[in-house]
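Visitor: Here it is: the structure, laid out below.
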Amino acid sequence: MGNLGALRTLAAHGYIGRRALVAVLAGVLWAMAFAKPGIAGLAWIAPGVMLAAAAGARPGAAFRFGYLGGLAFHLVALYWLLWMPAQAEPGTGWASVLLLKLGPAVAWLSLSAFLALYPACWVWLSWRISPVRGTAGPGGFSALVEAFLEAGRVRRLGWAFACAALWVALEMVQARLLTGFPWNLLGASQAPMLPLIQVASLTGVYGVSFLVVWFSVSLLGTAAVMIRQPVRRESWMLELLPPLLCAAAAVTFGMRQLRASEPAGRSVTLTLIQPSIPQTTIWNPAAADERFRDVIRLSEEALDRGRPDILVWPEAAVPSFARWDTNIHQAITNLVRRHAVWLVLGSDDLAPAQPPRHDQEFLYFNSAFLVRPDGEFVADYRKRRLVVFGEFVPLERWLPFLKHLTPLAVGFTPGTRPVPFRLPDLGVQTSVLICFEDVFPHLARDHVEPETDFLLNLTNNGWFGESAAQWQHAANAVFRAVENGLPLVRCANNGLSCLVDARGRMSQVYFPGTRDIYGAGFKSVRVPILAGKARAETLYHRHGDWFGWGCAALGGMLWAMQWATRGHRRERQGSVQQ
């Protein structure tokens, strides 16, 4: 009853409500750091504000405030999930139609609710290892600040560093657990800050996340010092000095990288077809012929205006199986033969199930194909990382009702390995990433061989209309290019088709004479090729997520120390009571 009474007292003072508002504010600031509006500087504030919301709270309450901030962030940043169309097959029962209509909202809420667990764990863990013990009541923040200052600057600086490591450790988990969903990792918000993000060539995107969180948490120490010693500017500036020095070093390194010129070579020209096919049209069999004719028409127009080395179609450009549908196959081979051009395209594929299963004789794949100028299909890559509910239904065998939340008739099977696309007469080698595979740092790294000249992402963002999803997705491509020191070409169904160079600079973003990324059209990009010369290998590509795993190891050690200290404290309390 005492705890209940304390809760009522706190609620009466508006204590919990104020903390909740601060947590929500932190989540909204965090979301606004990403496109759109993409105010990158807000990311340097949000984590510290989220921690402040839980300052002095009991562990369970700290977790809840962190969860509230994380939930606000994901609900705002992932709003475009609500734009997913829902279209049922003719004759579908009303109950299934209702579930299907609810699918986008269910996806938005459930994904946001799950992902919010990560910042909740971060806030909880961060305060568990903080140099301040105890809790603060409605009037106890003054004492909390005093305790924070009494802990000493060294302990405060160490705590801010540890908080940053914990954040990165949790991002490493988020990128892998349950197939992973590393969309909008904190560092990705800094994609426009080119000098800063060059550090990703050493540490991956996780190094940028670390710097941002380290600075943000250090602001808490600065705020505490400013409250008690407002006139001693040199004192509170010392709280920010370590992360500022590291950020300055990262920017200095980045400026040098941006000024450095690559060895002179040659270039190849790619023409990117962006058909801008609405997702409902993709699902409509009656519209298949017309939308494929639009792709062919755009391709013919683009090829008549120029002579690219490679023509590229995005994911979902082909309404049937490019390799097996006779009419589709013939149209493709006629096109490339007539114009003597290489073609990379996205298309579904199928293969006999081995061994055959009574419920499914064929396996279906989301694939990319390389077609030679003589019309021969010479390579194919099968997407390895599938979208949950978009391309497969998890636990469908045990929870069959889940399939009613998705318009999928048949789920896809994941591929098993990257496949290099070699164009020998051009002296070019590329590797394809399909859809959101380019948001996975470790997966994109697997696609880069010593001979790889550039990465190629084929994607269909037509699911989300003209939303911020396209811009958020493209921010990841910037980091995959910087991490691996390679250009990355994006060919999208409805934005954003462009070239990202090896330093993360985006070009050909808009259609000529417009500020439009979503419409139908085509673009040509020139990709530099080193022509047999070895491209400088980045530290990240050579050693992978060494920095992320180091942070995960430090986070695990801090967790173990916390539990050990907690157990020792319980034993000591027990002996005192005896």
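The values are calculated or read from the model by the stated rules, or taken from the named source; none is laboratory data. In this text, all values refer to a predicted model and were calculated from it rather than measured experimentally. Counting neighbours? That spans all protein chains shown, and the Cβs are built from the backbone with ideal geometry, glycine included.
Visitor: Please enumerate the residues belonging to segment 461-486 that are among the polar types (S, T, N, Q) and surrounded by 22 or more Cβ atoms within 10 Å (Cβ to Cβ).
Guide: Scanning segment 461-486 gives ASN461, GLN470, GLN472, ASN476, ASN484.
Visitor: To continue, here is another question. Among the residues of segment 457-473, what is the count of those that are of a type outside the set (Gly, Ala, Ser), at pLDDT below 95 and outside any loop (DSSP other than H, G, I, E, B)?
Guide: Here the count works out to 2.
Visitor: What pairs come up if the first residue lies in segment 542-555 and is more than 23 Å from TRP159 (Cα to Cα), the second is basic (Lys, Arg) and surrounded by 15 or more Cβ atoms within 10 Å (Cβ to Cβ), and their beta carbons are under 7 Å apart, counting only those six or more places apart or on different chains?
Guide: Going by the 7 Å Cβ cut-off, the qualifying pairs are GLY544/ARG445.
Visitor: Please pick out the residue among GLY187, GLY207, GLY158 that is in a helix (DSSP H, G or I) and either touching an Asp or Glu at 6+ places or on another chain (Cβ under 6 Å) or surrounded by fewer than 21 Cβ atoms within 10 Å (Cβ to Cβ) (or both).
Guide: The unique qualifying residue is GLY158.
Visitor: Additional query: Go through segment 501-515 residue by residue and tally those that are in contact (Cβ under 8 Å) with a residue 12 or more places away in the chain and at negative phi.
Guide: Final tally of qualifying residues: 8.
Visitor: Looking for whichever is surrounded by 13 or more Cβ atoms within 10 Å (Cβ to Cβ), aliphatic (A, V, I, L, M) and in a loop (DSSP other than H, G, I, E, B) here; the options are ILE277, ILE227. Which one fits? Walk me through it before giving the result.
Guide: Details: ILE227 fails: in a loop (DSSP other than H, G, I, E, B).
Within the list ILE277, ILE227, the selection yields ILE277.
Visitor: Of the conditions (1) modelled with pLDDT of 95 or more; (2) within 16 Å of the chain's Cα centre (by Cα); (3) farther than 17 Å from ARG382 by Cβ; (4) crowded, with 24+ Cβ neighbours inside 10 Å, PHE454 satisfies every one except a single condition; which number is it?
Guide: Of (1) modelled with pLDDT of 95 or more; (2) within 16 Å of the chain's Cα centre (by Cα); (3) farther than 17 Å from ARG382 by Cβ; (4) crowded, with 24+ Cβ neighbours inside 10 Å, only one is false for PHE454: (2).
Visitor: Additional query: For the condition within 30 Å of GLY550 (Cβ to Cβ), part of a helix (DSSP H, G or I) and at pLDDT below 95, what is the one hit in LEU202, LEU219, LEU196, LEU244?
Guide: LEU219
Visitor: Can you tell me which residue within segment 149-177, out of those that are more than 17 Å from PRO119 (Cα to Cα) and of a type in the set (A, V, I, L, M), is modelled with the lowest pLDDT?
Guide: Among them, the one singled out is LEU149.
Visitor: Among the residues of segment 322-341, is any over 35 Å from the mean Cα position of the chain (by Cα), surrounded by fewer than 16 Cβ atoms within 10 Å (Cβ to Cβ) and touching a residue at least 40 places away in the same chain (Cβ under 8 Å)?
Guide: yes
Visitor: Further, regarding this structure: Please work out which one of (1) touching an Asp or Glu at 6+ places or on another chain (Cβ under 8 Å); (2) part of a strand (DSSP E or B); (3) surrounded by fewer than 18 Cβ atoms within 10 Å (Cβ to Cβ) is the condition GLU361 fails and give its number.
Guide: Only one criterion in (1) touching an Asp or Glu at 6+ places or on another chain (Cβ under 8 Å); (2) part of a strand (DSSP E or B); (3) surrounded by fewer than 18 Cβ atoms within 10 Å (Cβ to Cβ) is unmet by GLU361, namely (1).
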